[in-house]
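The next block holds one structure in the form of structure tokens; read it before the comments.
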Amino acid sequence: MKKFSIEAECGKARAGILHTSHGKIETPFFMPVATKGSVKLLSNEEVLESGTQCMISNAFILHMKPGLETIKKFHGLHKFMNWKKGLFTDSGGFQVLSEQFCLKLSEEGVTFRNPFDGKAMIYSPENAMQIQNVLGSDVAMCLDDVPIAGATEKRVTEATQRTAEWASRCKEAHKNKEQLLFGICQGGVFENLRKKSTQQISELGFDGNALGGLAIGEPLEKMYDAINTGLPLLPKEKPRYLMGVGSPQDLVKAISLGVDCFDSRFPTRTARHGRAFTSKGNINIDSAIFRLDNKPLDEKCGCFVCKNHSRAYIHHLFRTKEENAQKYLSFHNLWFTQNLVKRIREQITEGKFRQKEFLKTMK
Ligand SMILES: [Zn+2]
């Protein structure tokens with residue numbers, strides 16, 4: 001069976017189908033982040049109702065808690081979460097390398113301190129694959145070496161090389177035939193390294209390829225330079241995933257460049273800070289201007305929050321620290337994001353998607 005098919009193209013943008021063991025995912029698509037197996041403040045039913053086709057969880061975090069014994073008892077993460085649609089797992093390269101966990105980085109893998117028992121442990125490409133094979137996600141991600149934003153060229157060179165070696169070991173260690181495996185390209189914002197990494201990872205022949213190590217704090221124009229460098233070098237016939245990107249404007253721009261897949265905490269994290277996406281830009285519901293505002297968060301939105309509640313009500317809940325304020329904003333922002341991507345997909349299919357015109361409708 002073909003794993004990915006492109007159904008329509010409009011400029012560089014594409015609409016396609018990613019075939020997984022839990023059904024088809026229409027591309028382009030956006031994944032909310034369910035690090036520990038749950039999107040913050042939203043039930044799986046609400047995530048589904050938002051139009052979400054696929055979520056992404058974190059293998060490194062889940063293998064510590066609840067641990068693989070629990071997941072095995074439930075025959076995989078889908079059944080443990082009771083989520084029947086698409087599910088990616090990230091290997092957790094970004095997390096394991098953070099100051100919170102990382103003790104040492106070597107060719108073998110990352111030595112980290114498990115915060116639950118204080119023990120030092122190794123997390124290697126082989127571990128990342130064994131864990132994801134057990135989790136049984138539809139798409140597993142390779143373990144990559146992710147340098148922090150602003151890292152030196154020397155550090156990014158080392159990370160690029162290590163990422164290629166680890167990707168090759170991941171491919172070797174990946175044994176779950178039901179699960180697709182995506183490679184991750186690094187290279188930071190250095191053009192030569194981004195090119196090199198993209199070529200190295202593409203040559204390994206994964207089911208899909210991701211641009212990683214971006215949207216982690218580098219200036220936006222540097223991120224787009226790296227996307228413009230890396231994206232054309234990725235195989236056209238395979239899904240192209242831009243990790244960590246999720247603002248409405250960035251989704252529109254990246255889809256127009258030919259990206260098929262995204263994940264980000266952005267919609268739900270901004271919601272928890274009181275910000276709502278609207279078709280006229282973001283609003284801060286904490287602002288006093290909404291005290292008597294009887295309009296919905298966004299007049300063009302069809303989500304249950306916008307159908308049922310006013311800005312004044314959500315402003316009141318937010319000001320009085322009622323948790324439902326953050327929950328309603330999270331649902332609205334996720335629904336808004338999914339609806340945005342769906343509309344773009346429809347326009348690509350009809351051959352009508354134009355980035356500039358689309359962005360104008362969002363102001
Ligand atoms: Zn809404």
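The values are calculated or read from the model by the stated rules, or taken from the named source; none is laboratory data. Owing to the predicted nature of the structure, the values given are computational and were not obtained by experimental measurement. With ideal geometry, Cβ positions are generated from the backbone for all residues, glycine too; neighbour counts draw on all protein chains shown. Only protein heavy atoms, including side chains, enter the accessible area calculation; ligands, DNA and RNA are left aside. Shrake-Rupley method; radii C 1.70, N 1.55, O 1.52, S 1.80 Å.
G37 - would you say it is crowded, with 18+ Cβ neighbours inside 10 Å, without any contact (Cβ under 8 Å) to a residue 60 or more places away in the chain and not in a strand (DSSP E or B)? Criteria met by G37. Could you check, for the stretch 291-312, whether at least one of its residues is out of contact with any Gly (no Cβ under 6 Å at 6 or more places or on another chain), open to solvent by 20 Å² or more (accessible area, probe 1.4 Å), farther than 30 Å from A15 by Cα and more than 16 Å from the ligand (Cβ to nearest atom)? Yes - at least one qualifying residue is present in the stretch 291-312.
Just checking, which of F29, F60 is aromatic (F, W, Y) and closer than 14 Å to D260 by Cα?
Exactly one residue qualifies, and that residue is F29.
I289 - would you say it is in a helix (DSSP H, G or I) and within 12 Å of F331 (Cβ to Cβ)? For I289, the condition - in a helix (DSSP H, G or I) and within 12 Å of F331 (Cβ to Cβ) - is not met.
Here F277 meets the list (1) within 13 Å of the ligand (Cβ to nearest atom); (2) within 30 Å of E203 (Cβ to Cβ) almost entirely, failing just condition (2). When R345 is tested against the conditions (1) surrounded by 15 or more Cβ atoms within 10 Å (Cβ to Cβ); (2) within 16 Å of the ligand (Cβ to nearest atom); (3) of a type outside the set (A, V, I, L, M, F, W, C), the lone failure is (2). The residues of the stretch 43-55 that are part of a loop (DSSP other than H, G, I, E, B) and open to solvent by less than 10 Å² (accessible area, probe 1.4 Å), listed by number, are S50, T52. Given the criteria closer than 23 Å to T27 by Cβ, more than 16 Å from the ligand (Cβ to nearest atom), in contact with a helix residue (DSSP H, G or I) (Cβ under 8 Å, 6 or more places away or on another chain) and assigned to a loop (DSSP other than H, G, I, E, B), does F358 qualify? No.
Taken over the stretch 325-342, the criterion of being within 9 Å of the ligand (Cβ to nearest atom), open to solvent by 10 Å² or more (accessible area, probe 1.4 Å) and farther than 11 Å from G51 by Cα is satisfied by Y328 alone.
One line per residue, one yes/no per condition, for (1) loosely packed, with under 14 Cβ neighbours inside 10 Å; (2) in contact with a Pro (Cβ under 7 Å, 6 or more places away or on another chain); (3) closer than 30 Å to S21 by Cβ:
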{"residue": "S57", "(1), (2), (3)": "no, no, yes"}
{"residue": "I61", "(1), (2), (3)": "no, no, yes"}
{"residue": "G76", "(1), (2), (3)": "no, no, yes"}
{"residue": "F88", "(1), (2), (3)": "no, no, yes"}
{"residue": "L103", "(1), (2), (3)": "yes, no, no"}
{"residue": "N114", "(1), (2), (3)": "no, no, no"}
{"residue": "A120", "(1), (2), (3)": "yes, no, no"}
{"residue": "L135", "(1), (2), (3)": "no, no, yes"}
{"residue": "V139", "(1), (2), (3)": "no, no, yes"}
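Looking across G213, G217, G244, G187, one residue alone is free of Cβ contacts under 8 Å to residues at least 60 places away in the same chain, open to solvent by 10 Å² or more (accessible area, probe 1.4 Å) and at positive phi. It is G244. For the stretch 293-340, how many residues meet the condition of being part of a helix (DSSP H, G or I), out of contact with any Ser or Thr (no Cβ under 7 Å at 6 or more places or on another chain) and under 15 Å from V47 (Cα atoms)? So the answer is 10.
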